[in-house]
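Chemist: Before I ask anything, here is the structure I am working with.
None of the figures in this text is laboratory data; all of them are computed from the coordinates on show. This structure is a prediction, so every number in the text was calculated from the model and none was measured. Because the Cβ atoms are built from the backbone with ideal geometry, glycine has one as well, and the counts that use them run over all protein chains shown.
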Amino acid sequence: MLHESKKILSGKEVAEEVLDSLERRITTLRGEGVQPGLAVIIVGSDPASQVYVGSKAKAAQRCGFLSRKYELPEEITQRQLVEVIATLNQDEAIHGILVQLPLPSHIDSDVVIQAIAPAKDVDGFHFTNIGKLSAGHTADALLPCTPLGCMRLIEEVHGADLSGLCAVVVGRSNIVGKPMASLLLAANATVTVAHSRTPDLAKICAQADILVAAVGKPQLIMADCVKQGATVIDVGINRIANPAAGVGATRLVGDVDFESVNAVAGALTPVPGGVGPMTIAMLMHNTVRAAEAHHARARYPRSSPSMILPHV
Ligand code: GUN
């Protein structure tokens, strides 16, 4: 371990480090007349999505980006939404486009995500970016923000090379589980993906040196799922009843039972204040990368993207 004493992995603190380290690159871009531009699209009025989108727009403003928020009505058609994206694809001032998920059920989110130009896909959800990640071409892909943030927290404990370490990802979503497994594999970990149909989940999880929980089930991961000294990354954000604080009160918990797991884990992310702030910091990171790449393409139109995109 790099930091023997670090037990609670504060995403808040590490996210600040990520944002600080972006400052120099943003200043360089500004010196060259480029202001990174991020467009965030939200459809409908889901309260949780509103909060997430608000945090993303606020972080973009803090970074000095051009930050545009598109609040579109629940009834918008898929065609109209794709047209908004097509316009943003052509907009020279916008380097990153993010469509907050989930979308209303009458809209096919795959169609919408694939309408985003891969070079502006700061969520890393376009098939082009997923394909590059799966093929190990991480240097010229835009990578999904939450898994990227998890990797940065894991790096705090284990460094960038995870050779010899066993990682278990619980959850197989396209947003977190699958790209997380690809990133861990790219970092040389031995990776297992467990999910809702995995028998004896506790036994599989207990083999992990690095355990990433991304299932959306409150406090699913108990101490019996965790090896002594393991690094545990909790991606879940679940709102549950909190009767101790009064009738109707709620609180946020992760997919990990913090109290019991804290007694066995070597390092553990809290909820809130763990992975959440890292996702936002990595969105800023991706927007800067997209702006840098766009600017480099404008200056050297014949360069291949892999020559101009810096490493993560
Ligand atoms: N909804 C939940 N997580 C995410 C995310 O990382 N990106 C987008 N666009 N929507 C989400």
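Chemist: Per DSSP helix of 4 or more residues, -39500 (n - 2.57); summed, then divided by the residues of the chain. What does that give at 222 nm, rounded to the nearest 500?
Modeler: Mean residue ellipticity, 222 nm, calculated: -12500 deg cm²/dmol.
Chemist: Quick one: which of K69/K120; K7/K217; K132/K178 span more than 20 angstrom between C-alpha atoms?
Modeler: Checking Cα-Cα distances, K7/K217 exceed 20 Å.
Chemist: With both bridge residues required to lie in the chain, what share of the DSSP beta bridges run antiparallel, to the nearest 5%?
Modeler: In the chain, approximately 10 percent of DSSP beta bridges are antiparallel ones.
Chemist: When a/c is below 1.5 the answer is rounded, else prolate if a/b is larger than b/c, else oblate, so apply that to the stretch 91-153 with a ≥ b ≥ c taken from the square roots of the Cα gyration tensor eigenvalues.
Modeler: It comes out prolate by the Cα gyration axes.
Chemist: Quick one: Debye curve from the alpha-carbon atoms of the chain only, equal weights, vacuum; give me log10 I(q)/I(0) at q = 0.09, 0.12 Å⁻¹ to two decimals.
Modeler: -0.46, -0.82
Chemist: Another one. Taking R0 as 45 Å, what FRET efficiency do you get between I240 and R299 from their Cβ-Cβ distance, rounded to the nearest 0.05?
Modeler: 0.30
Chemist: Assign unit charges at the C-beta atoms only (+1 for Lys and Arg, -1 for Asp and Glu), then state the dipole size of the chain relative to its Cα centre in Debye, rounded to the nearest 20.
Modeler: Roughly 300 debye, rounded to the nearest 20.
Chemist: Consider a paramagnetic label point 7 Å from the Cα of D161 along Cα→Cβ; state which residues of the stretch 129-143 have an amide N under 12 Å from it.
Modeler: none
Chemist: What spacing in nm lies between the two simple spin-label points modelled at V111 and H195, each 7 Å away from Cα in the Cβ direction?
Modeler: It works out to 2.4 nm between the two label points.
Chemist: Leaving out same-chain residues fewer than 8 places away, which lysines sit with a Cα under 19 Å from that of K12?
Modeler: Those lysines meeting the cut-off are K56, K58.
Chemist: Largest first and in whole Å, give the semi-axes of the stretch 114-200's equivalent ellipsoid, each being the square root of 5 times a Cα gyration tensor eigenvalue.
Modeler: Calculated on Cα positions only, the semi-axes equal 22, 16, 10 Å.
Chemist: Right, something else. So if each residue of separation counts as 0.36 nm, and I subtract the Cα-Cα distance between V51 and K7, what length gain in nm does that give?
Modeler: Additional length available on full extension: 13.0 nm.
Chemist: Something else now. Which FRET efficiency, nearest 0.05, do S173 and Q207 yield, Cβ-Cβ r, R0 22 Å?
Modeler: It comes to 0.50.
Chemist: Okay, next question. With an 8 Å cut-off on Cα pairs and a minimum separation of 6 or more residues, tell me the relative contact order of the chain in percent.
Modeler: Contact order relative to length: 21 percent.
Chemist: What is the angle, in °, between the Cα long axis of helix 11-31 and the longest principal axis of the Cα atoms in the chain? Nearest 10 is fine, range 0 to 90.
Modeler: Taking the Cα atoms of the chain, the angle to 11-31 is about 20 degrees.
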